[in-house]
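The values are calculated or read from the model by the stated rules, or taken from the named source; none is laboratory data. Every value quoted in this text rests on a predicted model; they were computed, and no experiment measured them. Glycine gets a Cβ as well: all are built from the backbone with ideal geometry, and neighbour counts include every protein chain shown. Each accessible area value is taken on the protein alone, full model and side chains, heavy atoms only, with ligands, DNA and RNA left out. Shrake-Rupley method; radii C 1.70, N 1.55, O 1.52, S 1.80 Å.
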Amino acid sequence: MSMNNFTLGLFLGFSLLAGTTTAHAQINAADSVMNHAKGNKLSIGGYGEAAYSRNFYSDNGNRYTTPSLYKKDPSHGRFDIPHAVLYVGYDFGKGWSMGTEIEFEHGGSGSAIEYEADEAIEFEHETEKGGEVELEQFWLQKSFSKAFNIRAGHIVVPFGLVNAHHEPLNFFTVYRPEGENTILPSTWHQTGISFWGKAGDFSYVAQMIAGLDAYHFSRANWIQKGTSNPFEFEVANKYGFLARVDNYTIPGLRIGVSAYAGQAMHNNVPHDSEKGEKKKIKGNVYLGSLDFTYNKYNWIARGNIDYGYVSNANQISGLSYPNVQYVKPYESGSGKYFGSHAMAMMFEVGYDIFSQIHKLREDNQKLYVFGHIEHYDSYIHATTKQWTNRTVLATGINYYPIPQIAIKAEYNYRNLKKGYNDEPSINIGIAYEGFFL
């Protein structure tokens with residue numbers, strides 16, 4: 001499938017959904033823990049996922065360097081707990097509230113050896129069990145009205161589809177959609193201040209947060225690890241700014257646009273280390289996204305288009321990886337240098353076939369049969385080593401015995417550029433999302 005045909009199809013899907021008239025408003029799953037509360041002062045909830053994958057391709061770290069050597073490698077299997085999350089929120093009264101989100105990724109932390117295969121192909125001793133424990137949200141909020149609220153602390157940055165709607169019942173695939181999850185922080189969370197509200201058929205979010213760190217950008221993941229730092233504090237020499245608007249005018253349909261801008265250079269420690277010519281390097285990050293969700297007539301469809309640019313990418317690559325000998329367009333040497341542009345597009349649609357069976361419909365059981373396609377590239381202008389350019393096709397089912405639980409199964413096929421080996425897999429997962437209090 002060509003890039004132009006994929007883009008045309010995605011926009012036709014957007015247009016079709018935008019022209020559909022329905023009867024009821026879409027239920028919007030938000031990133032705020034308080035939006036799930038049931039009127040209690042104290043609210044406790046969360047979500048979690050467990051998954052099994054059988055990957056029918058090589059897991060060798062050199063599979064993109066010399067792909068012909070790994071074409072017939074055996075398959076390999078993995079169990080994983082991508083996310084296990086606990087929400088705790090409290091309403092103090094008089095418009096004051098707080099929210100927290102504690103997340104255990106990939107089984108949490110412990111003493112382990114981590115295999116860094118994508119880039120350096122090395123083993124690193126880590127104080128973790130291949131995963132992380134993170135405080136993804138910790139904020140205080142003052143609500144003045146439905147249209148104006150101020151939230152300050154550690155907050156989710158709702159750029160794109162997945163960050164704003166990252167709970168596991170908000171996507172059909174067993175794992176989060178690859179594109180946004182590859183090129184962007186996911187879930188993107190940083191410390192700052194947020195202004196948000198709802199007015200009529202619109203909702204909005206405006207945020208000022210700590211800037212990203214350009215020294216953590218890479219070819220494989222673009223700006224994804226830009227929120228990482230080794231310190232006990234979040235460096236904020238520079239700042240990032242996000243704006244998001246969602247519209248709900250058409251019942252059952254949410255359409256959102258989001259944008260981010262911020263400087264990523266000179267946002268490290270020590271701050272005086274970047275002198276002379278380095279001072280002129282800004283590393284400005286500009287991101288734009290259009291996404292939608294449609295939920296009506298037993299159909300659910302979702303999609304997103306993201307595009308981003310980082311200025312001074314070549315100079316930053318030279319500073320980040322000084323041992324790499326660059327020859328334009330910087331295709332030789334380490335896999336860690338990065339490109340100035342990246343993109344991600346996704347569309348998925350599913351139909352609840354249990355809606356046509358009266359007994360199962362009355363019992364509120366659902367079985368979605370879905371199709372999923374996405375295309376993404378974390379290094380758009382690469383002329384060689386184009387393994388970052390990928391198209392993903394997936395199909396499968398989501399069974400909901402009750403609304404809070406999903407059992408997922410899919411066949412997933414990752415198609416790479418000519419010269420590289422494609423990467424098919426079978427994924428099975430279970431997920432829940434709900435509030436206990």
(message) I need the full set of residues from region 401-413 which are surrounded by fewer than 19 Cβ atoms within 10 Å (Cβ to Cβ) and of a type outside the set (Gly, Ala, Ser), in order please.
(response) Pro401, Ile402, Pro403, Gln404, Ile405, Ile407, Tyr411, Tyr413
(request) Would you confirm whether any residue within region 197-208 is of a type in the set (D, E, K, R), within 22 Å of Ser53 (Cβ to Cβ) and not in a strand (DSSP E or B)? (result) no
(request) Could you identify the single residue in Ala261, Ala199 that is closer than 30 Å to Thr388 by Cβ, among the aliphatic types (A, V, I, L, M) and open to solvent by 10 Å² or more (accessible area, probe 1.4 Å)? (result) Ala261
(request) Name the single residue, out of those in region 173-190 being under 15 Å from Ser53 (Cβ atoms) and in a loop (DSSP other than H, G, I, E, B), that is most open to solvent (accessible area, probe 1.4 Å). (result) Tyr175
(request) Just give me the residues in region 277-302 being open to solvent by 80 Å² or more (accessible area, probe 1.4 Å) and under 19 Å from the mean Cα position of the chain (by Cα), in sequence order. (result) Tyr286
(request) Look through Asn267, Asn229 and report the one residue that is over 20 Å from Ser340 (Cα atoms), modelled with pLDDT under 90 and assigned to a loop (DSSP other than H, G, I, E, B). (result) Asn229
(request) Quickly run through region 121-149 and pick out the residues that are open to solvent by less than 50 Å² (accessible area, probe 1.4 Å), in a loop (DSSP other than H, G, I, E, B) and either modelled with pLDDT of 80 or more or more than 15 Å from Ser228 (Cβ to Cβ) (or both). (result) Gly130, Ala147
(request) Among the candidates Tyr337, Tyr368, single out the residue that is modelled with pLDDT under 95, open to solvent by less than 60 Å² (accessible area, probe 1.4 Å), of a type in the set (Ser, Thr, Tyr) and out of contact with any Cys (no Cβ under 7 Å at 6 or more places or on another chain). (result) Tyr337
(request) Considering each residue of region 62-112, count those that are within 29 Å of Ala50 (Cβ to Cβ), among the polar types (S, T, N, Q) and assigned to a strand (DSSP E or B), and give that number. (result) 1
